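Just so it is clear, none of the values below were taken in a lab; they were calculated from the coordinates. On a predicted model such as this, the values are computed, not experimentally measured, just so you know. Heads up, the Cβs are rebuilt from the backbone with ideal geometry, glycines too, and the neighbour counts pull from every protein chain shown.
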Amino acid sequence: MSVERDVMEYDVVVVGAGPAGLAAACRLKQKAAEAGKELNVCVVEKGSEVGAHILSGAVFEPRALNELFPDWKARGAPLNVPVAGDEIYFFRSPEAAFKMPNVFVPKTMHNEGNYVISLGNLCRWLAKQAEDLGVEIYPGFAAQHAIVEDGIVKGVQIGDMGINREGEHKDDFAPGMELRAKYTLFAEGCRGHLGKQLIAQYQLDKDADPQHYAIGIKEIWTVPPEQHKPGLVVHGAGWPLNLLGTDALGGSFLYHFENSQVVVGLIVDLSYTNPYLSPFDEFQRFKHHPVIRKHLEGGTRVSYGARAIVKGGLNSLPKLAFPGGVLIGDDAGMLNFAKIKGSHTAMKSGMLAAEAVAEAIFAGDEGGKVLNGYADKFKASWLHDELYRSRNFGVFLHKFGSLIGGAINYVEQNWFGGKFPFTVHDLKPDYKTLKLASESQKIEYPKPDGKLSFDKLSSVFLSSTNHEEDQPVHLQLKDPSIPIGKNLPLYAEPAQRYCPAGVYEVVGDEGAKPSEKRFQINAQNCVHCKTCDIKDPAQNINWVAPEGGGGPNYANM
Amino acid sequence: MKALVSVKRVVDYNVRIQVKSDGSGVVTDGVKHSMNPFDEIAMEEAVRLKEKGKITEIVAVTIGGDKSEETLRTALAFGADRAIHIKEGGEVQPLTAAKAFAAVLKKEGAQLFIAGKQAIDDDANQTGQMVAALLDIAQATFASKVEVDGNKAVVTREVDAGLETIEVDLPAVITTDLRLNEPRYLKLPDIMKAKKKPIDATTFADLGVTPGAGFKVTKTAPPPTRSKGIVVKTVDELVAALKAKGLL
Ligand SMILES: Cc1cc2nc3c(=O)[nH]c(=O)nc-3n(C[C@H](O)[C@H](O)[C@H](O)COP(=O)(O)OP(=O)(O)OC[C@H]3O[C@@H](n4cnc5c(N)ncnc54)[C@H](O)[C@@H]3O)c2cc1C
Ligand SMILES: Cc1cc2nc3c(=O)[nH]c(=O)nc-3n(C[C@H](O)[C@H](O)[C@H](O)COP(=O)(O)OP(=O)(O)OC[C@H]3O[C@@H](n4cnc5c(N)ncnc54)[C@H](O)[C@@H]3O)c2cc1C
Ligand code: SF4
């Protein structure tokens, strides 16, 4: 079906208005102003507004922001809550925990000088700065394809609007525009759906270890003012996940933010092995731990959401540039997992790419080249140094568990400054780690009490996610027979449990034959976390961008 | 013929509204805002009237702080020819808004004022009616169908008993109901063009309007939470349960 498409030409198109994309857009304009030249920069964002799809912790390290806008305070950046206290716990059981004495906290987990922020709000502010610098930002429009001609990325095509579930044009069909550019910066965050295709197409990960991921589930609570300690930061490892074993790893966070709000979350490594594990239910029961519940009791839950986290670090980093485009932020995998911090690294990588692009264009480059200048700048930056120091952290945890892996990390970070003279590798991708259901133990999760813990549907409701109903399902199955034919008998179809939004259901009576069961995809519930795209053992689920504007509507996430 | 359309920036209808813990209002910080859905319907209707050649110019107007400019840009992307931004940050009650719109309407010499039947933030359902009263012109509220013919408009209204069709002389005020039309998708090229269309700024003082406070909000409280439902297996059980509650 060929349709007429409007075309707009820019110098640079940025896909995704997260910290990486927005920092890059600002830096491009700053460079242009310094050089007294013009650069047309356009940013597209699939969320209905900037920030609507941003979910983070977040304890924010201002290093990159200090470089981008040294006067951020005067410009009113929403960094209002300095970290006022750091606590780390090892949770040993549903009741017991061990608080780590401060002297043993690895350097990477110290948070003086950092701020508890809402990354979504920081992005809203960054978007304002970018617009004031002349950047055009278009929320509500998802980039659906990279335009590749003669092996060169020439820009992106925006998704069509007004297509029904069967793929036919509705009355209000509006073909997506082509945004063409000399260089396109892909800043879609963790497991970007275009980034994934480009990595495959240009074999960017040929020399890298497999990428590793986690899922982070987060809630925002309003607590009684007398219980609120702005700036308190609590991290933990262990129960309900493993402390000593290696089959279900992860960590937790609880931060006291502004306006009597406390954010709480659990991060579960997607290398977990038991197909019966449900990250959502682990998180719900986690909140009952006495160390955590005392912060939440008497409060109300106001928001819920989830997002995958890219954690392979330097070992898994793909090549950053290909003809006509680059990967920045978590689309490349710039997150520092030893700190679970990726916003400052995302910003820095965006700024480095922006500098490389601006320099090339000002030197007469017509676009379409492989921008090696970006990789060179990256290697020479503090960002590379930071990721280098942390490169072994995730691997230690995968191989040795949280306690012992954590101890080795302590030794590496504090005695060797992150520079062990060797690198360790983790070569098993996360979709290959599941054991067979027949070899795994079912997990009975406690029923939610409706005060601290809740069911999935009432949770998803709080993400305010919304999709136009009559549109093609944006969770594509390469082979529709796999969920019931293979995943169900082998792994008890884990999608029912790893999806934090209840999108996947196997319908049919408990005792019914597989042939009488049906795999149902409630695509409207999707919160765009990308976990299914990562964890499906058959790699059969392909997440593509739904109609622009669809998805969660996070506030203060 | 010129139409004036009022567009208000409100908390988006997808957002879960939270009442501030001190009961002084609802949380609006960091929350997604968009154009009042009934105003989108008003914009859509104006654009359709223009496409049919019934009107020649659409002017969008809003009252609000700097951020309301986004709402005007949305109206311009819908197809408004130009926009007027009445820059007033604080609380604006319906009567004040109506006075301002009436002043703009007069100044512009517009024949039609199209507004939403209500804004989903305060649900006052007053502004359109007040504009008509202030200017002593006709009003057709809760419109589900609008036909403009010369200097008359035939409007089908949604009333409790069904549909009522009335004819009004222009100039007139029309307020839109949910079923009037389905607003179009905004296309990216139109949004791009909207960035370049003109917005004039003005103030209450410029318009000779003195804002007044007719009422004061004393308390905001969330609705009581609904208790959990029960699952009934048969119709008999359902009937019995309804009887037990005294509902049958
Ligand atoms: C639970 C959790 C806790 C975290 N805690 C911290 C912390 O405490 N400190 C810290 O520094 N970091 C933390 N992080 C990591 C941090 O949030 C990320 O590293 C950071 O957000 C990455 O920025 P980014 O710009 O690369 O991508 P993102 O922030 O993911 O932004 C990508 C943007 O692109 C948009 N997009 C994606 N695809 C498309 C498309 N095709 N078309 C248009 N738009 C598109 C998305 O909607 C999104 O707005 C945490 C992450 C999680 C999930
Ligand atoms: C911006 C906006 C403004 C609006 N303004 C108005 C207005 O001014 N006036 C007006 O009348 N309407 C208005 N509406 C429409 C109105 O909000 C909704 O149509 C109405 O609230 C739906 O009511 P409900 O929650 O009972 O609906 P629904 O969720 O649609 O459900 C309908 C009924 O079916 C029941 N139900 C749903 N699913 C199931 C199930 N699986 N099994 C059994 N029962 C089920 C529900 O409990 C409910 O009783 C507006 C809508 C929007 C978007
Ligand atoms: S369908 Fe996939 S991307 Fe959407 S919420 Fe579920 S796991 Fe996340």
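Things worth noting here:
- Segment B:172-228 shape via C-alpha gyration tensor axes, a/c threshold 1.5: oblate
- Computed over segment A:99-168, the range of Cα coordinates on each principal axis works out to 61, 32, 32 Å, biggest value leading.
- The mean of 1/r over all distinct Cα pairs in segment A:63-198, once inverted, gives the Kirkwood hydrodynamic radius of 19.8 Å.
- Crossing angle, helix B:94-108 versus chain B [Cα axis fit, 0-90 degrees, rounded to tens]: 30
- Over segment A:415-557: Kirkwood hydrodynamic radius from C-alpha pairwise inverse distances, Å: 17.5
- Cα-based helix-to-principal-axis angle, B:68-78 vs chain B, degrees rounded to 10: 80
- Inter-part distance where segment A:469-506 and segment A:71-128 are each reduced to a Cα centre, Å: 36
- Placed amide H near A:ALA174: partners under 5 Å, 5+ positions off or other chain: A:MET161, A:GLY162
- Between the C-alpha center of segment A:317-359 and that of segment B:34-92 there is a gap of 39 Å.
- Three-way shape label, segment A:234-332, alpha-carbon gyration tensor, a/c 1.5: oblate
- Three-way shape call for segment A:24-85 based on the alpha-carbon gyration tensor, with the a/c threshold at 1.5: oblate
- Over 18 Å apart at the Cα level, from the set B:LYS54/B:LYS145; A:LYS319/A:LYS369; A:LYS348/A:LYS377; A:LYS348/A:LYS379; A:LYS73/B:LYS67, are A:LYS73/B:LYS67.
- Enclosed volume per residue, in Å³, of the convex hull spanned by Cα atoms of segment B:2-138: 104
- Tail fraction, Cα-Cα pairs, chain A, threshold 32 Å, whole percent: 42
- For the residues of B:183-194, the average number of beta carbons from a partner chain within 10 Å of their own beta carbon is 6.
- Per-residue shielding of B:26-32, expressed as the average number of other chain Cβ atoms within 10 Å of the residue Cβ, stands at 6.
- Values of log10 I(q)/I(0), in the order q = 0.09, 0.22 Å⁻¹, for segment A:1-137 under a Debye, Cα-only, solvent-free model: -0.40, -1.31
- Descending by average beta-carbon neighbour count within 10 Å, the peptides B:105-113, B:162-170, B:230-238, B:76-84 line up as B:76-84, B:105-113, B:162-170, B:230-238, the highest first.
- Segment B:88-244 - Rg and Dmax from Cα coordinates, angstrom: 21.7, 68
- Cα-centred dipole magnitude for the protein assembly as shown, charges only on beta-carbon of K, R (+1) and D, E (-1), debye, nearest 20: 1740
- Among A:438-450, A:46-58, A:300-312, A:532-544, the order from most to least packed when residues are scored by Cβ within 10 Å on average: A:46-58, A:300-312, A:532-544, A:438-450
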